[in-house]
Structure formats: structure tokens, C-alpha cells
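Below is one structure, written out as C-alpha cells, with a few remarks after it.
The values are calculated or read from the model by the stated rules, or taken from the named source; none is laboratory data. Quick caveat, the model's predicted, so the values are computed rather than measured. Because the Cβ atoms are built from the backbone with ideal geometry, glycine has one as well, and the counts that use them run over all protein chains shown.
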Amino acid sequence: MIKILATGMNHETAPVELRECLATNPHGIQAALAFMRDAPAFREGMFISTCNRVEALVVTEDKDQAKKSIVSLFSRLGGKSGTEFQHALYHYEDQEAIRHIFRVSSSLDSMVVGEPQILGQIKEAYREAVRGKTSGVVLNRLMHKAFHVAKRVRSETGVCEAAVSIAYAAVELAKKIFYGLEKKRVMLIGAGDMAELAARHFLGQGVEGIVVSNRTFERAVEMAQEFRGEAVSFEEIPAQLGVVDIVLSSTASPDFVITREMVKGALKRRRNRPLFFIDIAVPRDVEPRVNDLDNVYVYDIDDLRGIVQEEVVKFQRWLETLDVVPTIVSLREKADRIIETELRRSASALQSLTPEQREAINILTRSIADKLLHDPIVFLKNKAGKPMLENYLDVTRRLFNLDDNNND
């Protein structure tokens, strides 16, 4: 069974001292690819090495041996024992590995979400794998799909719009909820760089006005003047919830700035008008229970994951069909051989026919063969990834005598 594995370390799992021992070798990628070509456990592989990430992405039929080989590769490149790396490594398999590489390519797994450099680095790592002849049919398909996902994330969410990536994505979601942002009022809680950039995006969408609230009131006034808005104190936030349509919060508060009771009280004054929250603070500013209220919507970066998950499922379905492809190809090849043989045997009987008539017979025979094979092929495709697949493949190959050793 074909398996995809992603094993590595990044800014979250390993200190820079450990990452840099693998990344400082100027010939590290070439050495890694040479190792992958020679390692029996790897069918395909690529090696990613950046300042924040060192990772091996491989295709294998022996996942346990492949994991050991990857640790051995890291040990060789870093000049350290495998045990020194074990605690810092992450391991992903199959769907999780696919999801991981999609997230990495889309810059959703980066130290700075939305950084544009990572996609270029992934593309370069893939080009090296192609040049080094360690990439094959699975990685080729996987990486092109990863680049497609990254493009979708950028185009549909604007995640690469500098530091305001989450806010930009939420602005697009707000547009869908409100069917446009004209005549909508926005309140910004917090007056840092992210809030400032978000304000520019909101104004670009034609919002009617912006209200700014900040613990340091002078900063709120300064930002409000820049965007021709209104400054309010933190104490005025509950009252503002009754009149604004969108709230973007990005403070450094250790406690919730927006509570369920606060929003619930405001809803009575809103008369069923929807209220949209964009919470880009860590820790969160908006109490999670706020999302349970009617006509209230709360979004954060997790909402970008739906795009990635959709593409993961699509790729996994394609991957699972690879196990049935050799049998399907064998079925079609045998049908073609039978057709060609029988047409040759009937050549003398068909000699008096015109070229058009002979072509019609050729099309007819192939059409009959295709229809006979249609149901077995659909059946096998539907069993892809299922527990009994190997049994079904074995029975099919025996029924149609697709292997020389199946003549018994």
C-alpha cells in the first residue's frame, strides 16, 4: 500500500540551534536527495530546508523503515545522533501528511501566517527533487495540487496581504454574509498595526464609518482621525455593539474583551440585524460562547482550514485509486490484445468491406469491450481504499487471467 509521510521539525517543535545544524550545509538538499535515491524504503522523496523548517516528504510502501531512514538522514546531515532529533520531530501520514504540505505551501503553518516566501521555497525544493529524479507520479501530483491550494488560499482569502492576513480573509467572509459592505459600520478594538491594515481593507470595501477603541485613548483618537472615524473608550464598547455591524478585535488582553452577556444585551437593541466579529487576538478577545447567539458570527484563522481540507480529501481519493490502476490497465490491455487478434483472424472475411465499413466494425468491437469492462472497472474504483481491496484485485486478476502465474 502506497503511503505518504512527512517528517521534520519547525519553529514550533525545535529550537533554532537544532534546526540550523541541518540547514547550514550548502549542499544539504543535494546530499538529502542522493540519500533518498539510494534508500530502499523510498519510492519518491523531496527535502525542504528553510530557516524555520527542515522536512522530508516521501512516498513509501514500508512506512516504519522509511521513518527510520529519515531519522538516519537527519542524523547524517546534522552530525548528531538520531536520539537528539527524536523529541523535536513531527510525523504525518497519508491525509495528515497531505493536509500538512497543503498548509505549509499555503503559509498557514508558518511563523508569520501569510508570508509569501514559503511558497517559493517549497517550489524550489520540488524543482530540486525533479532535477534529482526523486520525484515521481505521486509527488508530482501532490505538489502541483499543493500549489493550486496555495493559489486558492491567496485568491479567496487574501492571506498573504501582509500582517492583516486573518483580517483580510474575514473581510471577504463579511462581504458574503452582508452581500457587500456598503453602509456598514465597523468597530476596531485595539489600534495596532493589524487593526490599521484591516481598516484600510474595510474602507476599500466602502464601509460607511469606522469606530476605534483602545485602552490608550489617545492612540484611538490618533487612528480614528487617520481614517475619518470616531474614537470611543473601552467602557463605551457595549453601547457600540448595539449600532455597529462588524467588530474586529486585536488586543493583547489576557481576558475576554467581548463576553456573551455583553453581546446578548446588545442584540436586544439590534432588532435582528446580524453582528459580525473578527477575532485576531491571541489569546482570543471574543468569548467562544458568543458564537452561539442568533445572528452573530465569529471568525478566526481556523476558518481558512476548510479550503485546505477540501483539497486534502480530493487528493486522498485520487491516491487511493492508484492501487487499482495496474489492474485496470491490465484489463484494458488484454481487451485490446483480444480485439487486435480477432480482427487479424477475420482479416480475409473483412477484405471485401470498404475502409469505412472496416472502421465501423473496429469501433463496434471496441465499444462492446468497453461496455463489458465498464462495470468491473467502476466496481474496483469504488473499492479503492477499502479493507477488502487486495482480495478484489486478486479475484479480478484471476477471473480475467491477467497474470502468467494465474493459469491454475
Item checked: Near pairs, Cβ below 7 angstrom, 6+ apart or cross-chain, from segment 279-296 (surrounded by fewer than 19 Cβ atoms within 10 Å (Cβ to Cβ)) to any residue that is at pLDDT below 85 -> Pro283/Pro254; Asn295/Asn272
Next item on the list: Take segment 358-399 and flag every residue that is in contact with a helix residue (DSSP H, G or I) (Cβ under 6 Å, 6 or more places away or on another chain) and of a type outside the set (D, E, K, R).
Entry: Thr365, Ala369, Leu373, Ile377, Ala384, Gly385, Leu393, Thr396
Notebook entry, point to check: Could you say which residue among Thr7, Thr50 is among the β-branched types (Val, Ile, Thr) and either more than 30 Å from Met388 (Cα to Cα) or out of contact with any Leu (no Cβ under 8 Å at 6 or more places or on another chain) (or both)?
Noted result: Thr50
Check: If you go through segment 87-97 one residue at a time, do you hit one that is closer than 20 Å to Ala34 by Cβ and at pLDDT 85 or above?
Finding: no
Check: Between residues in segment 200-224 that are of a type in the set (A, V, I, L, M, F, W, C) and residues that are part of a helix (DSSP H, G or I), which pairs lie under 6 Å by C-beta distance while being six or more apart or on different chains?
Finding: Ile210/Ala199; Val211/Gln240; Val212/Ala220; Val212/Met223; Val212/Ala224
Next item on the list: Have a look at Glu218, Glu230, Glu156 and point out the one that is more than 15 Å from Val298 (Cβ to Cβ), surrounded by fewer than 16 Cβ atoms within 10 Å (Cβ to Cβ) and modelled with pLDDT of 85 or more.
Entry: Glu218
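Matching residues to (1) in contact with an Asp or Glu (Cβ under 7 Å, 6 or more places away or on another chain); (2) at pLDDT below 90:
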position: Ile338; (1), (2): no, no
position: Leu350; (1), (2): no, yes
position: Pro376; (1), (2): no, no
position: Lys383; (1), (2): no, yes
position: Leu389; (1), (2): yes, yes
Margin query: I need a count of the residues in segment 1-42 that are outside any helix (DSSP H, G or I), modelled with pLDDT of 80 or more and not hydroxyl-bearing (Ser, Thr, Tyr).
Written below: 13
Check: Any idea how many residues of segment 226-251 are in contact (Cβ under 8 Å) with a residue 60 or more places away in the chain and either acidic (Asp, Glu) or more than 17 Å from Glu208 (Cα to Cα) (or both)?
Finding: 4
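Go over the candidates Val212, Val247, Val243 one by one and state the one that is surrounded by fewer than 18 Cβ atoms within 10 Å (Cβ to Cβ) and either of a type in the set (Ser, Thr, Tyr) or not in a helix (DSSP H, G or I) (or both).
None of the other options fit; the residue is Val243.
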Check: Looking at Lys80, is it basic (Lys, Arg) and not in a helix (DSSP H, G or I)?
Finding: yes
Margin query: Condition (residue is in contact with a Lys or Arg (Cβ under 7 Å, 6 or more places away or on another chain), surrounded by fewer than 16 Cβ atoms within 10 Å (Cβ to Cβ) and touching a residue at least 12 places away in the same chain (Cβ under 8 Å)) applied to segment 70-84: is it met by at least one residue?
Written below: no
Check: Does Ala198 satisfy the criteria of being closer than 17 Å to Val298 by Cα, small (Gly, Ala, Ser) and in contact with a strand residue (DSSP E or B) (Cβ under 7 Å, 6 or more places away or on another chain)?
Finding: yes
Note to self: Could you check segment 250-284 and list, in sequence order, the residues that are among the β-branched types (Val, Ile, Thr) and either out of contact with any strand residue (DSSP E or B) (no Cβ under 9 Å at 6 or more places or on another chain) or at positive phi (or both)?
What the structure shows: Val282
Next item on the list: Quick one: in segment 250-293, of everything that is part of a loop (DSSP other than H, G, I, E, B) and among the β-branched types (Val, Ile, Thr), which residue is nearest to Tyr179 (Cα to Cα)?
Entry: Ile280
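Can you tell me which residue among Val58, Val104, Val71 is of a type outside the set (S, T, N, Q), in a helix (DSSP H, G or I) and touching a Gly at 6+ places or on another chain (Cβ under 7 Å)?
Val71
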Checklist line | Residues being loosely packed, with under 14 Cβ neighbours inside 10 Å, in contact with a helix residue (DSSP H, G or I) (Cβ under 9 Å, 6 or more places away or on another chain) and not in a loop (DSSP other than H, G, I, E, B) - total across segment 333-357 | finding: 3
